[in-house]
Amino acid sequence: MAITILGIESSCDDTSAAVIQDGYLLSNLLASQEVHRQYGGVIPELASRAHQQNIVPVVSQALSQAGVSMDDIDAIAFTVGPGLLGSLIVGTSFAKGLSLSSGKPLVEVNHLQGHILSHFIKQHGKDNRCPAFPFLSLLVSGGHTQIVKVTDFYSFEIIGHTIDDAVGEAFDKCSKMMGLGYPGGPIVDRLAQTGDPERFSFAKPHVPGLDFSFSGIKTSLLYFLRDRLKEDPDFIEKNKEDICASFQKALIDILMSKLIKAVKETGIKEIALGGGVSANSGLRNAVTEAGKKRGWNTYLPEFRFTTDNAAMIAICGYYKYMAGDRAPLSIAPVSRARDFEI
């Protein structure tokens, strides 16, 4: 008998619902919140209010598009964290209410594990290539930068992480310093594609082991722009493509040096990208080329699965449900990643 999972994602500013049946994606709906663009970042209170407005129609449309009703659903998977607490409360509370009204069990999902397991989302008519266990996941986003050793669907070990800021936050700060707009990552990536990545250099951190640091390189960019603008007030406008290309290359160099080291230390050559920054064209190219050169099997997520989405929550929930994992109605959302045992 088919196992059908409804997934609900509300960790930040995107309200999403998806339906997975026996590992195959039937629907994946998402409502984005444009209101944050004018503020240059996500405003938590506005995000939670928008989730309240969006969650009912998004879930309803996801069920309709999948051609199922709540009677067909075996379990409700939802993001329990990490993320913005107000946003998580909306999704968690809705999932609990839906569970009570339908009698369907709950399955809580760690948002980060969802990103990692997004490679296992199957789609009808597609190749559905996915990593073999064990594999290394380079998890990169606005809030997290980690190298995770994944042994199976339930075993995750963080072997490297940022000691300060996330790489996605560094991309956003670069855009903000240059007055390019929000969200910064895609803007920097777009401009970098026509720039010279070798023209400028930025200070790179020396962090032992497999850990990352991105606070120093942001400071390096800040002082670089300050000094150049003193010489020429139009420096950014005249050189924005080269600045973005050079800064992006520096960030990617940091990521790749640690990933290469992790492969050498573990001997694992199954490499998967995950998280919002995995949509970056420079990083995708770097991982692909490194894989060809070093004999890795590399896995890049579809662009629609790089951002926060309920499909990844549903697929993670599917495997947890199959393992007998259930969440009590008393479960509460958790905002911080360090409160999880990944």
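The values are calculated or read from the model by the stated rules, or taken from the named source; none is laboratory data. Model, not experiment: these values are computed from the prediction. Quick reminder, even Gly has a Cβ in these numbers, built from the backbone with ideal geometry, and neighbours come from all protein chains shown. The accessibility values were calculated without ligands, DNA or RNA, using every heavy atom of the protein model including side chains. Shrake-Rupley method; radii C 1.70, N 1.55, O 1.52, S 1.80 Å.
Here are the numbers for this structure:
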| quantity | calculated |
| --- | --- |
| Rounded to the nearest 20 debye, dipole of region 214-342 from Cβ charges on Lys, Arg, Asp, Glu | 380 |
| Loop-located GluC sites (Glu not before Pro) in region 135-204, at most 10 other Cβ atoms within 10 Å (DSSP) | GLU198 |
| Cβ charges +1 (Lys, Arg) and -1 (Asp, Glu), total dipole of the chain, debye | 520 |
| Listed peptides 123-134, 101-112 by packing density, highest first (mean Cβ within 10 Å) | 101-112, 123-134 |
| Positive-end extreme of charge dipole, region 1-156 - chosen from SER102, LEU63, ILE8 (charges on Cβ) | ILE8 |
| Beta bridges per DSSP with both ends in the chain, % antiparallel, nearest 5 | 60 |
| ARG199 paired with GLN61, simple spin-label distance in nm, labels 7 Å along Cα-to-beta-carbon | 4.1 |
| The chain - percent of accessible surface contributed by carbon and sulfur, probe 1.4 Å | 50 |
| Sparse-neighbourhood loop sites, chymotrypsin sites (Phe, Trp or Tyr not before Pro) in region 75-162 - DSSP loop, at most 14 other Cβ within 10 angstrom | TYR154 |
| 3J(HN,Hα) from dihedral phi, region 220-233, Karplus parametrisation 6.51/-1.76/1.60, rounded to Hz, x for glycine, proline | 4, 5, 4, 5, 4, 5, 4, 5, 6, 5, 5, 7, 8, x |
| Trypsin sites (Lys or Arg not before Pro) lying in DSSP loop within region 198-287, provided at most 16 other Cβ fall within 10 Å | ARG199, LYS269 |
| Rounded accessible area per residue of the chain, 1.4 Å, Å² | 43 |
| Estimated vicinal HN-Hα couplings, Hz - region 114-129 in sequence order (Karplus 6.51, -1.76, 1.60; Gly, Pro = x) | x, 4, 5, 8, 4, 5, 9, 5, 9, 9, 4, x, 10, 5, 6, 6 |
| Beta bridges by DSSP in region 1-117, antiparallel share as percent, to the nearest 5 | 60 |
| Compactness relative to 2.2 N^0.38 Å, alpha carbon Rg of the chain | 1.01 |
| The chain: relative contact order in percent, alpha carbon pairs under 8 Å with at least 6 residues between | 25 |
| Alpha-carbon centroids, region 247-306 and region 48-73: separation in whole Å | 34 |
